[in-house]
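Structure record follows, encoded as structure tokens.
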Amino acid sequence: MNYVSFNHQSWSKAMNKNYVGFFNCTTKEELNSFKEELLEYPNDCQKLLMRSRRFVSGEYLFDNEWDMERTHESIHWQLAEIQWGDSPNNDPEWNYMLNRHRFLVDIGLAYLLTEEEIYKRYLADFLQAFIEHNPLNEQTKGYSWRTIDVGLRVVHWLKLLEIHRHFPLFTPELAQRMEEEISHHGKYLYDHLSIERGQSNWQVLEIAGLYSISLAYPEWASASDWRVASLAYLEESLALQVEEDGMQREQSFMYHNEVLLSLLQIIQLAQRNQQEIPELILNYAKKMTQAAASFVKPDGKQPVYGDSDLEDMTGLLQYAEGIVSPSSFAKKRPTFFAKQSFGYGEFPLENKFLSVFSVHHFQQAGLMIAKTPEDYTLFKCGPLGGGHGHDDLLHVSYTHRDKDILIDSGRYSYEVSKGRLDYKAPYAHNTIVVDDQNFNHHTDAWNSEKVASPINQKLLSHSGIHFFEGGHLGYFDLSDPVYLNRKLIHFPEGFCLISDSYFCHGAHNICTYFHFNSNDVQLTQRGLILEDLDFELISLDERMKATIEDTVASPTYNETKSICCGILKKEIQRTDTSSYVLAPQGLIQNVEQLPVYAEDQKQSPNVVEAIKFTFEEGTQQLVILQHQEPNVGRRAYRIEGKYYYGRIMVVKDNKRMVLY
């Protein structure tokens, strides 16, 4: 691709004066008012200025919220020293973060807030150096001209030029040079639109950049074509990557939210510039927003799941509310992230998508989530999804009273040399491993040659009790195939019963992992105690041997923290079952397995279990779990002289609740 050389004297295609951009400012007065609105967030402004001062001093640290690949160790580089294609931490994601230029928006806002010339000088020096050292060629296509980063960079440059219209950041020559570069970016993005790439989050992020250019510079000869193509390819891309249940297909909450954010930006700009958006695109934004509202934790955080970081979703969901479901009642204050996303003006919010009560089964994604202000339970029995998905079939995450109890180990890095495949593996999740083998086979950090099939997904509720179930065929390729099935019941008192069945004919080693958000886990006679979380795991299988290993989890990219993993192992000779209870310490005084009879024949626990709980105040609950059909056929079960009928049943205060 050849571009004409730059001659700023012939350039007369500046940003359209009627363009209403990301900051919603069309006059100098509105920009000044936006500045005053930002200053109403003094703590956030101080953080923004701190980040900006670091960069202008030569300290590069990408630690802003929603930075896709955060860093936690500073790299010190003066502009003249920057090696544009290198990553000082040996992870190319560092270089991609550098070339996306999100941090330059912080610096532009820092100049708006303070009018300190150091920020203005840095912007000019950095952008001139970037443009000079990053021409489009085969080499730079591997780092500064990756299409996803081009799409993101365009949005950030447009934000800077939006400020520049009324509060000069650049010389006229540099502003014109940036706008010619933006035209090159637009042509590059347009040339790479492809139906074949429609399933990737990349294309939506790229379209956000291309569509934004078409609105900011409508007089450009190609602008109309770019605008039409953006929406056409966006419709196709969303149809190929958003499930019917609203989840983005890649099995990562973070990339779901990144796609949603770009989609919201497109819709916002269209609305502000009187452009029609197809109803199909609006509906996808609503579905994705509702999905995010279902998986956000009660404290507003994004759970660690697949390639995801622990992030605060409050601002994103406020932004989504203002775009797809605006309110007329101003009740809630936008976060600083939402304020920057909305720009100048008042945007009434109710926080309607920050739901704390939800029971939702994402049937296509295979995710099941139940949450209240007290508890959050996530169960996975769905497809791998792609490179950002993990080997987490039958994984459980659990939070009680804002304390994470069972956690996902996270992602840490995309580099195989830094443990990429270890963080993806089943032993990094709260699930079951047979014969020390993975049920998926990966060829590298992103691709697979064998993927397990999930089956038997269920989520059923009764009187605040939630029953989850799922299985998979990932071990059907063993010489003696094994079918794994997990049942999980969450009770409103704040405890869970987990029951695992292994269906096979021969001998196998079973290993079950529980990753605790704790550094103080102790072995006890009946299982494990998490002293710092005041929780315990009770094993009902006397043959299970429990050990504790020190390990790490990654709450954000490039970050680790020490945790303990409980590992329960046993050898089985044929079909078998193991059950566990996860509960606050002291809640359950006693738990016992009772004999079960059908047609006067005592049933194996591998067929049906009856588990009786006695609580600290003396009350009791009985749980009946049928794992297989009895050989006598399905009959009423006799337990302690009483008869019960149902596959999954809870008996509480003489009330019989059949969940399945």
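The values are calculated or read from the model by the stated rules, or taken from the named source; none is laboratory data. Predicted, not measured: the structure shown is a model, and the values here were computed from it. FYI the Cβ positions are ideal-geometry reconstructions off the backbone, even for glycines, and counts take in every protein chain you see. Please note that ligands, DNA and RNA were not included when accessible areas were found on the heavy atoms of the full protein model with its side chains. Shrake-Rupley method; radii C 1.70, N 1.55, O 1.52, S 1.80 Å.
What is the percent carbon and sulfur in the accessible area of the range 114-168, measuring with a 1.4 Å probe over the protein chains and ignoring ligands?
Carbon and sulfur atoms account for 47 percent of the accessible area of the range 114-168.
Of Thr71, Thr26, which has the most accessible area with a 1.4 Å probe, and how do the rest follow in descending order? Write out the running numbers ahead of the final one.
Working: Thr71 5, Thr26 50 Å².
Order by accessible area, largest first: Thr26, Thr71.
Show me the helices of the chain, taken as full DSSP H stretches, that run 18 Å or more along their long axis by Cα and average -1.0 or above in Kyte-Doolittle hydropathy.
Result, helices passing both filters: 42-56, 102-114, 117-133, 147-164, 201-216, 223-241, 253-272, 279-295.
Excluding ligands and nucleic acids, what accessible area in Å² is computed for Thr577 using a 1.4 Å probe, to the nearest 10?
The accessible area of Thr577 comes to roughly 20 Å².
Points 7 angstrom from Cα along the Cβ direction at Ile548 and Arg647: gap in nanometres?
A separation of 3.8 nm, rounded to one decimal place.
Got a sec? What order do Tyr475, Tyr427, Tyr483 fall in by accessible area at 1.4 Å, biggest, i.e. largest, first?
Per-residue accessible area, sorted high to low, gives Tyr427, Tyr483, Tyr475.
Give me the accessible area per residue for the chain, probe 1.4 Å, as a whole number in Å². Please list the in-between numbers first.
Values: 25520 Å² over 660 residues.
It amounts to 39 Å² per residue over the chain.
Could you give the size of the charge dipole of the chain about its Cα centre, using +1 on the Cβ of each K and R and -1 on the Cβ of each D and E, expressed in debye and rounded to the nearest 20?
Value, rounded to 20: 1380 debye.
In nm, what is the difference between 0.36 nm times the number of residues separating Ser463 and Thr114 and their Cα-Cα distance? All intermediate terms of the calculation are to be shown ahead of the outcome.
On the way: separation 349, 0.36 × 349 = 125.64 nm, distance 5.63 nm.
So the chain would gain 120.0 nm between Ser463 and Thr114.
Once you've got the Cα coordinates, tell me which of Lys297/Lys339; Lys120/Lys159; Lys120/Lys187 are over 19 Å apart.
Lys297/Lys339; Lys120/Lys187
In what order, largest first, do Lys569, Lys17, Lys331, Lys120 sit by accessible area if the probe radius is 1.4 Å?
Result of the area sort, largest leading: Lys17, Lys331, Lys569, Lys120.
Are there chymotrypsin sites (Phe, Trp or Tyr not before Pro) in the range 342-410 that DSSP marks as loop and that have at most 12 other Cβ atoms within 10 Å, and which are they?
On the way: sites: Phe342, Tyr344, Phe353, Phe357, Phe362, Tyr376, Phe379, Tyr398; in loops: Tyr344, Phe353, Phe357.
When the chymotrypsin sites (Phe, Trp or Tyr not before Pro) of the range 342-410 are filtered for loop state and at most 12 Cβ neighbours within 10 Å, Phe357 remain.
Ignoring ligands, DNA and RNA, what percent of the 1.4 Å accessible area of the range 359-412 is carbon and sulfur? Don't skip to the answer; put the middle values down first.
Working: 580 of 1290 Å².
Answer for the range 359-412: carbon and sulfur cover 45 percent of the accessible area.
Keeping all protein chains in position, work out how much accessible area Lys159 exposes to a 1.4 Å probe, and write it in Å² to the nearest 10.
Approximately 40 Å² for this residue.
As a test question: what accessible area, to the nearest 10 Å², does His400 have when a 1.4 Å probe is rolled over all protein chains in place?
His400 has an accessible surface of roughly 10 Å² with all protein chains in place.
Taking just the alpha carbons, could you work out the radius of gyration and Dmax for the range 154-218, both in angstroms?
Calculated on Cα positions, Rg and Dmax stand at 13.2, 42 Å.
In deg cm²/dmol and to the nearest 500, what is the mean residue ellipticity at 222 nm of the chain if only DSSP H runs of at least 4 residues count, each as -39500 (n - 2.57), divided by the residue total? Walk me through the numbers on the way to the answer.
Values: 14 runs with 198 residues, N = 660.
Taking each H run of at least 4 residues, the total per residue is -9500 deg cm²/dmol.
For the range 109-166, which GluC sites (Glu not before Pro) are in a loop by DSSP, counting at most 15 other Cβ atoms within 10 Å?
Loop-located and lightly packed - Glu115, Glu116, Glu138.
Between (1) 96, 52, 43; (2) 79, 59, 42; (3) 158, 72, 44, which matches Cα extents along the principal axes in Å calculated for the structure shown?
From the options (1) 96, 52, 43; (2) 79, 59, 42; (3) 158, 72, 44, the structure gives (1).
In units of 2.2 N^0.38 Å, what is the alpha-carbon radius of gyration of the range 421-499?
So the range 421-499 has a normalised radius of gyration of 1.30.
Determine the share of the range 500-646's accessible area contributed by carbon and sulfur atoms, expressed in whole percent, with a 1.4 angstrom probe.
Carbon and sulfur together cover 41 percent of it.
For His472, what residues show an amide H to amide H distance below 5 Å, using hydrogens built from the backbone and excluding near sequence neighbours?
Ile455, Leu484
Within the range 201-227, what residues put their amide N at less than 15 Å from the label point 7 Å along the Cα-to-Cβ vector of Glu276?
Under 15 Å, as judged by backbone N against the label point of Glu276, lies no residue of the range 201-227.
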